[in-house]
1. Can you give the net charge of the other residues whose Cβ lies under 11 Å from the Cβ of A:Thr249, counting K and R as +1 and D and E as -1?
2. Would you calculate a helix-derived [θ] at 222 nm for the protein assembly as shown, using -39,500 (n - 2.57) for each DSSP H run of n ≥ 4 and dividing by the full residue count, to the nearest 500?
3. Residues of D:144-151, mean number of Cβ from any other protein chain within 10 Å of their own Cβ, rounded to a whole number?
4. Given Cα pairs under 8 Å that are at least 6 residues apart, what percent is the relative contact order of the range A:204-286?
5. Step through the table entries B:Lys107/D:Lys107; C:Lys85/C:Lys328; B:Lys85/B:Lys127, compare each Cα-Cα distance with 19 Å, and write down the pairs that go over it.
6. Tally Lys and Arg at +1 and Asp and Glu at -1 over the other residues with C-beta under 10 Å from the C-beta of C:Tyr317: what net charge comes out?
7. With an 8 Å cut-off on Cα pairs and a minimum separation of 6 or more residues, tell me the relative contact order of the range A:59-167 in percent.
8. Shielding by partners for C:288-301, please: the mean number of other protein chain Cβ atoms within 10 Å of each residue's Cβ.
Number of protein chains: 4
Amino acid sequence: MRVNRKMKMRRKMGSTQPGAGRKKRRASGREHFEIRTDLALESREGAEKAGTLHDGISFREWRTEQIAFTEVEVKNAQGEKALGKPSGIYLTLEAGGLGEKDERCHKDAADQLAAQIRRLAGMALGKKEGQGFPGVRILVVGLGNPYVTPDSLGPRVLGNLQVTRRIAEDGDRPVLSGIVPGVMAQTGMETAEILRGIIRETEPDLVIAIDALAARSLRRLGTTIQLTDTGIHPGSGVGNHRHGLTRETLGIPVLSIGVPTVVGAPAIALDTVAAVAAVLERESRTKGMGKWMEEMGAEEQYQLVREVLGPELGQLYVTPPDIDETVKRFSFTISEGIHQAFYGI
Amino acid sequence: MRVNRKMKMRRKMGSTQPGAGRKKRRASGREHFEIRTDLALESREGAEKAGTLHDGISFREWRTEQIAFTEVEVKNAQGEKALGKPSGIYLTLEAGGLGEKDERCHKDAADQLAAQIRRLAGMALGKKEGQGFPGVRILVVGLGNPYVTPDSLGPRVLGNLQVTRRIAEDGDRPVLSGIVPGVMAQTGMETAEILRGIIRETEPDLVIAIDALAARSLRRLGTTIQLTDTGIHPGSGVGNHRHGLTRETLGIPVLSIGVPTVVGAPAIALDTVAAVAAVLERESRTKGMGKWMEEMGAEEQYQLVREVLGPELGQLYVTPPDIDETVKRFSFTISEGIHQAFYGI
Amino acid sequence: MRVNRKMKMRRKMGSTQPGAGRKKRRASGREHFEIRTDLALESREGAEKAGTLHDGISFREWRTEQIAFTEVEVKNAQGEKALGKPSGIYLTLEAGGLGEKDERCHKDAADQLAAQIRRLAGMALGKKEGQGFPGVRILVVGLGNPYVTPDSLGPRVLGNLQVTRRIAEDGDRPVLSGIVPGVMAQTGMETAEILRGIIRETEPDLVIAIDALAARSLRRLGTTIQLTDTGIHPGSGVGNHRHGLTRETLGIPVLSIGVPTVVGAPAIALDTVAAVAAVLERESRTKGMGKWMEEMGAEEQYQLVREVLGPELGQLYVTPPDIDETVKRFSFTISEGIHQAFYGI
Amino acid sequence: MRVNRKMKMRRKMGSTQPGAGRKKRRASGREHFEIRTDLALESREGAEKAGTLHDGISFREWRTEQIAFTEVEVKNAQGEKALGKPSGIYLTLEAGGLGEKDERCHKDAADQLAAQIRRLAGMALGKKEGQGFPGVRILVVGLGNPYVTPDSLGPRVLGNLQVTRRIAEDGDRPVLSGIVPGVMAQTGMETAEILRGIIRETEPDLVIAIDALAARSLRRLGTTIQLTDTGIHPGSGVGNHRHGLTRETLGIPVLSIGVPTVVGAPAIALDTVAAVAAVLERESRTKGMGKWMEEMGAEEQYQLVREVLGPELGQLYVTPPDIDETVKRFSFTISEGIHQAFYGI
């Protein structure tokens, strides 16, 4: 997850069972409950609900016939605090048609993605508009586990990618290289270690990291692409990279492209608690109970659920049965977007 | 799912919002809420809780050093009604070590599985004990989608299987053939159609169907193997086969071997509701509320959750991030079990 | 191979070592030497060289900007004997661009293939031109071994195919179903057995079988698509199916679509012999030797080589290192051709 | 290829067509003909035939019940020149049973391989016998293209490997990490570039590189494992790595483990020429011609063949149709050998 909504504990339940929950959490070594979303769009929705949106964050929306764009820009420390995400641009492309076998919609998305990659890459590299990327070296990184379907977006995009380094370097065109670093359970190495080494040897100017994302809401699955200029943050993605991949850790600018393919199981549990609270609140007999539950705060609610479902709940994710088709479709859309951004085809 | 716990609706909420829930359900064409488990063991747990265990069901447990066996036998119509599963034997092998890279435990499980396959196959084919299976033709079927990790158990087992039909038929040994029929989204055909055709042409004596299962409880994931002599029932498995694969539909006995790799998302939601109810019940302020929620019944509870999470919730499943390793390990354990059952190696 | 060029033995060498070669062959249980090509185009080239082209065979060529078409029609028993292939139409589409990442050429090939599939399917089903295929049921079969790269064309095409049976049957459109039957080493069943069963159950009107082919000449690899209305003949394909898949064996018309991905190793050996013969013939010292070698005939030549290279030579094939890219590209071209033939998209 | 048999041109044909062959070769930019073998065993056979074995090479053979060991040691520059391979130890394990589903033979090979890995790793790291490898960090590299069956040995071994770095580092045991770097067509990077970077970052003590090999003789395919302490040399392997992976290029010792899965197509052609020569020599009419052909030398012979078969011949390889099974079996044998070498299991 790119943001940890580190919920403040409100100790409504504390009066009747003093400290119980807190002790248990400490024992398990977790101070803070985390509910994951890798989408800034969803962080912003959360922030708004909580009334925390500041002038440290700008926000704009526009659309084409098929695609709705939302751009969240985190501008300073104030914004970072409010949104729980590092400074930078977070752009989402959303369209219902992306969730289906709608080839025209995916074609349109690839075109729009290409334009936005050019814009963000241009900004990251200090290019003027229309200047192009002659001789610029781009390393595309396919994050995730190729053997776990909802985590295989990155490796699949790389499978479609036409690399050009060592093959067609003529100085006038951008140069693409690509790597599928694997996941730590397979390599015993942090992705950041592998990439730092490769970057030192091959000296690219820009990294584009592709990753499957965790969303907060089920309806984002397979309908959204997120493009950022902030890289990959610790704990994000389906495969949960420990270390971040950012300009700070890698030494060069990092764009990231992601598609939400899972929702964390805790999100389902918390939405259920919210549903229960709402029902309690609308019944005359139980009026007041719902409000009481809402005021519990997400952390208490989660601890409550975790007692029943077990501590492993936080590791589990929810995904639809046709996720293989979703990943396949988006892998083509994203690889086409990248080719088109740099080669215009 | 192999059982539909067709919950009776208890209309606790009806007093304040008469008929609302029911109308909505009818509109969506669903009469009954289904919470899935493919494990008879778990159905029995549910049945016991509900006080519905009859003499139509027998039950025994035993264990080896590493493995706990539970055998549920549904004996007649009374038992079928109580457990929501067709007559037959449902055997589970459970061991914590199966969830880990514990090779000795998996070796032991393969040995024990082989013995039980021999027993159930012998019973299904009317063999006396120790008689062996000379010339018996067995068709092993790998159900599921090879491209969706938690649904790929069947295809993976078939990848390990050594078929012998057309290669080493000498009359004195059993003869294995195998097929990966694919899923309906890929073939446009029901698995039952494909298998009926193949069975008519190749005339096996017995089918062994391998399938990934949905459990009710997270702690069964990757720790349990279920072996039955009742085949595959409609709606069961991760991939949700529409038609069953049974002696009735295929014309020959069908054993099934399965491993739970997912829990349906609704199960998580209902467990959350139960957790909330328990908390409400233990707080002095809210005492009575918890009982009220419990009495709502699973169907009301589910409808409540579904309003928030959306109707697609029923299609989603929960699975752990290391499911690829689990499926790989069990695919070897099961293929070894089958080889050993019929060839003693 | 779809044709066995059963070479008559000309006993040039017989004078000096009477019967030696023949005895050896008999001992190994092989009466006839077979040099494989699955391309009728190449059989015809062989036949012409041998002066055996009759009026039982018609032949026409035409071209579009990018693609050269060659249609060989075997019209009667005389033609079958001359060409060593059953009666029917054998159409090839050839283009250098198909061997490269030339997307326009592949797009053009998909369009042209679609038109030709419509023509041959129309003829096979007794349709008038322009009548379309409303309600016609088509079973697409992906032959070959998905785990052996040059043999994986069929399974890969099926991976791209959008089946419509059981999903969108409205009576006005053609209905596609699809199956990857696997290879006998994995299933223990002949492909013909599997398909006969499925056809009896699901009653399609037409089979389209996709298969990787063996060519005679290296330059055909990855540059040619062959479409026939004669099905798959015994011994053809990379995976060497024992039984044929034809109207006779399956009971319904069978189109086949194939791409050469390998050349049999014996072809390389014989081409080498020919090269040696040509060199000997042009040297003054050795003039006459070349002619002598040519007159040996393919069978003697092959036996000669087989003594050195071993009897397993016949099983081996030659393939280029980038065969994975070739198979991937053609799998899209063919699946698009099929979609377009029946759905116009 | 690990050795280039840079054949001296003997100009037998020159008298009648002066310089023709040479000019053609120069035009194509190739000075030297290369016939590939990655097996030192086969280089030695070639060297012996040519009478070039010196005291710069030592050689010993031994065997267990099932496995024949051959160890070639190249000791100095004289030996390097004679064998065309760099100084070091080249050990082969051969057994007919490795080519079949003979599990006992593969188990035995894994045991023996483990012992030899320990021996060579100990020598490379300056360990005394029996000292073990506490805290030694080993990077296992799976070379080759996972999507091309005979080139997929390395990636498949890595798929079976249990890495321990970052998971179970306790100082007393060796520490394994692993990487599948991909091939240059997919990454745009030399494998040496990728590995140098990773080695600088993660500081292993030893690399073990796994690669599919090209043999000279068909009968080596799938029956032989080669273990060396000399790394991977430029041009070797099925995938033809341009740069070598050696102590010189990577800065740490490199063991390599390989299994021959292909024979280069030129080898088949040259064996055919040899067969023709032998036949010519034994016929009274043509006596003298065979000797003449033999004296041509491999380079002339190859040029002769290349004219007919086309310049791409050098890129093609010959492989058996069941290569998927061979690669799968050896991938387990090698991963078990490595686990056992360092963890004794």
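1. Once all neighbours under 11 Å are counted, the net charge is -1.
2. Values: 48 runs with 536 residues, N = 1380.
Computed mean residue ellipticity for the protein assembly as shown: -12000 deg cm²/dmol.
3. Numbers: counts 0, 4, 3, 8, 11, 10, 4, 3.
Average neighbour count from other chains, rounded to a whole number: 5.
4. Computed over the range A:204-286, the figure is 38 percent.
5. C:Lys85/C:Lys328; B:Lys85/B:Lys127
6. Charge balance in the 10 Å sphere: 0.
7. 13
8. Details: counts 3, 8, 0, 0, 5, 5, 0, 0, 2, 0, 0, 0, 1, 4.
That works out to 2 on average.
The values are calculated or read from the model by the stated rules, or taken from the named source; none is laboratory data. The structure displayed is predicted, hence computed values, not measured ones. Neighbour counts are summed over all protein chains in view; Cβ atoms, including those assigned to glycine, are modelled from backbone coordinates with ideal geometry. Just so you know, the surface numbers come from the protein's heavy atoms only, side chains and all, with ligands and any DNA or RNA stripped out. Shrake-Rupley method; radii C 1.70, N 1.55, O 1.52, S 1.80 Å.
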